[in-house]
Amino acid sequence: MVIEATTFAPGWPGIPPRWTSSAKSGVGTAVARDSHVWFTLSHGILNEVYYPRVDQACIRDLGLIVTDGQTFFSEEKRDARSETLQVAPGVPAYRIRNVQINSRYRIEKEVLTDPWRDVVLQRIRFVPLQGALGDFRLYVLLAPHLANCGSGNTAWVGEYKGRPMLLAKRENCALALACSAPWLARSVGFVGFSDGWQELRANKRLIQTYMRAENGNVAVTGEVDLRASNGLFVLALGFGPTAMEAGQHALISLMEDFDATTREYVRGWKAWHTSLDSGASPKARRRLYRLSAAVLRTHESKHEEGGVIASLSIPWGFSKGDNDLGGYHLVWPRDLVETAGGFVAVGAHHEARRVLRYLEATQEPDGHWSQNMWLDGTPYWQGIQMDETALPILLVDLAAREELLNSGERRAFWPMVQRAASFLVCNGPVSPQDRWEEDPGYSPFTVGAEIAALLAAADLASTAGNKTAADYLRETADAWNASVERWLYVAGTELALRHGVDGYYVRVAEPDRADAASPSEGFVPIKNRPPDQTTGPAALMVSPDALALVRFGLRSPDDPRIVGTVKVVDATLKVETPHGPAWYRYQGDAYGEHADGAPFDGTGMGRLWPLLTGERAHYELAAGRKRAAEQLARALESFAGESGLLPEQIWDAADIPERELFFGQASGSARPLVWAHAEYLKLCRSLRDGQVFDRPPQTVQRYLVKKMPSDHVIWRFNNKVRAMASGKILRIETLARARVHWSADGWRTVRDTDTRDTTLGVHVVDLPTASLPSRSRIDFTFYWLDRDRWEGTDSLVLVE
């Protein structure tokens, strides 16, 4: 049959582009820093490939279509049972075995990147299981989504130095697909109209082909000469800033011996694993330990060293288009610090130090870090989460304790820590968003991280010779710690009575109601819910986040308030899955699939988070229940499934096979989630050490051993306390120099006291109120020294 070639493909611009499944079965890159390409796998085929940075996706997928040229049509990603295995433990190169569901053919693949070039390589063997090799035709189908976009791509049939290739370009990014076997036919087109899939589905071979498809959602297709290759060939997907460079990379990789390239790739990863601390992993969990360490390293940038993205995936990607530009291939400072903790836990000290330098470079001038960002530091979302400013301070402290930093290096981080601590004391403890990027207010995880960070910063301030800052940071930490129960603990509620406890810590307390008698008086917003279900009473919402008060060393694991909270959390948020227990983030969580399994689209139902099982295991270990912690570690390992990749969420309901949702297995959100793998590695280290590996010693010593109280009650413009206990000192804090004009007897006598500079952007004055009797009132106002004006309004605090 004659192939009819036309220059320009019809159907511009194609259907709206979409990404693909987020449930990856493999992710990989060379450990060498010469290769700037990353790949993902799912359903037996290549998914998103990232180039030249780990935050820049460049294809949707690349798979094979099998026909007989007449009536048979089979797409391997839909019509085959797939098995994906690593070529060696902890080495992110893969062997894939796809068997057609009716056993007509088998496809075997080896997938890795060229350790010296920007090329993804696949050695593929096509094996007929029914009939002969000549009875089949094999086609490669590739969907370019260059520079993070499925639209605006241009594809063409071309060559490099006479070698036939399929090429695509968008902006300053290009790809070239080359094959060691001859191409029998090649075509490009617009997806949904003139792409190769449409032609093969209709005609079972490429009859009508096109040479060029410009500025749209495009796909390229090539037929591999099975007879000439005897069913064995290599595909090279090369990248570069120009099509010529991409073609050159692909061609040189094809010229190299595939086995030699594989040996070098494997050698590099094995050498890296040898440099780690394997003692943190008993033999029984060594597979996931090595794999988790490799997952962390695989997600690190090679240009912006120390920048680690959250996941090489786009949650529910098959329903997402170009409007979801970032997916999870962005840097979240919280996830980054958790990842660095995983590096520290396994002895990857160079990687942890790179993370610290990256954090130092990407800190904003006022001391905070962006909610999330591209690898070059450009903010993506604009929210502020105070834990993301606190956690880098704790990472510096952890690195020093683990001897990653000597005393001089530790002091060198003081400017970064000072700016971060300044941001915390100027703006905390209330956070505009909690760690789940949702609600403003006081939340246990954020408050715990802030208090621990202030004490760690105080130690560093002392080392730097700044006693003024050190004293103020410790006093502020003490005051905030003494207020945790006022902000976050409720007693005698309907929920407490129902579960037989005195009280519990709530998930979040509304910031403008935190000075009321109880956070139960407030309502908190719930994101991703229908318009009539967007708030809930704070007192009836709990979260495993309360365990952070133990993890950060503020409260003992056997504190009755913690024990009561755990009981309520388990009664309301725990689910026993076939692999072990897992927990929801909080009641009413809506970040997940709909009830029928349809993908999250701005609303949905929150599912179970495996990393919370890891956090619970740390709590059990802190409580002295190592056996329970071990059991939870095994559950976490089971959640990784056959792929060994831990998902963000797992399905919590009856199986829905048509949507690939199975009880206790990965849902359609991100897999892998680097944070979950980091939590697992830290858990391995904690179990080996017999204690929580990353718990700050400063809080433990100060609040659990010495049980340090606070002499201060703090009034500030973002936390205007209205009452204080007798015997306390009223500390008034401002963000500029001021003279406090005050009275303790109804303005009959007046005093003026100037604030003092803490060197952290906060100015304070301590009023001598400790001896005032109950029912006294302190009235005050401000004269702003730098602006030479009065505040114009009075404030008051009552002594209870």
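The values are calculated or read from the model by the stated rules, or taken from the named source; none is laboratory data. Not measured: the values here are computed from a predicted model. Because the Cβ atoms are built from the backbone with ideal geometry, glycine has one as well, and the counts that use them run over all protein chains shown. Just so you know, the surface numbers come from the protein's heavy atoms only, side chains and all, with ligands and any DNA or RNA stripped out. Shrake-Rupley method; radii C 1.70, N 1.55, O 1.52, S 1.80 Å.
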Coordinate range along principal axes, alpha carbons of the range 82-180, Å, largest first: 44, 38, 28
Mean Cβ count within 10 Å, highest first, over the residues of peptides 380-393, 748-761, 148-161, 720-733: 380-393, 148-161, 720-733, 748-761
Hits among lysines - C-alpha to C-alpha of LYS161 under 26 Å, sequence gap 8 or more where chains match: LYS169
Per residue accessible area of the range 1-101, 1.4 Å probe, in Å²: 36
With Cα atoms, 0 to 90° folded angle of helix 560-573 axis to the chain main axis: 30
Distance between modelled label sites at ILE656 and LEU796, nm, 7 Å Cα→Cβ extension: 5.8
Phi to ³J(HN,Hα) by Karplus 6.51 cos²θ - 1.76 cosθ + 1.60 over the range 447-456, Hz, x for Gly, Pro: 4, x, 5, 4, 5, 4, 5, 4, 5, 5
Rounded to the nearest 20 debye, dipole of the chain from Cβ charges on Lys, Arg, Asp, Glu: 1540
Cβ crowding within 10 Å averaged over residues, with 557-564, 192-199 ranked highest first: 192-199, 557-564
Per residue value of the accessible surface for the range 363-477 (all protein chains in place, 1.4 Å probe), Å²: 28
Highest-first arrangement of 408-416, 580-588, where packing means the average Cβ count within 10 Å: 580-588, 408-416
Nitroxide proxy distance, nm - points 7 Å out along Cα→Cβ at ARG401 and HIS303: 3.6
Dipole-positive endmost among GLY150, LEU554, LEU632 within the chain (Cβ charges, Cα centre): LEU632
1.4 Å probe accessible area per residue over the range 109-203, in Å²: 33
Virtual spin-label span in nm between ASN102 and ALA628, 7 Å along Cα→Cβ: 5.5
Loop-resident sites, the range 596-668, for trypsin sites (Lys or Arg not before Pro), counting at most 15 other Cβ within 10 Å (DSSP): ARG625
5 angstrom amide H check on ALA653, placed H, neighbours 5+ away: GLY664
0 to 90° range, to nearest 10: angle between helix 286-298 axis and the chain longest Cα axis: 90
The range 272-420 - Rg over Rh from alpha carbon coordinates, Kirkwood radius: 0.99
³J(HN,Hα) computed for each position of the range 299-313 - Karplus, 6.51 cos²θ - 1.76 cosθ + 1.60, integer Hz, glycine/proline x: 8, 8, 5, 9, 8, 9, 4, x, x, 10, 7, 6, 5, 7, 7
Helical mean residue ellipticity (222 nm; -39500 (n - 2.57) per DSSP H run of 4+; nearest 500) of the chain: -9000 deg cm²/dmol
Amide proton proximity set for SER21, modelled H, under 5 Å, gap of 5+: PHE318
The range 183-200 - phi-based ³J(HN,Hα) in whole Hz, Karplus 6.51/-1.76/1.60, Gly and Pro as x: 7, 7, 7, 9, 7, 10, x, 8, 4, x, 10, 10, 6, x, 4, 4, 5, 6
Carbon/sulfur fraction of accessible area - the chain, other protein chains in place, 1.4 Å, %: 50
Pairs from LYS527/LYS682; LYS567/LYS626; LYS24/LYS270; LYS467/LYS728 whose Cα-Cα separation, in the structure shown, is over 27 Å: LYS527/LYS682
Accessible area of GLU403 in the full protein assembly, 1.4 Å probe (Å², nearest 10): 150
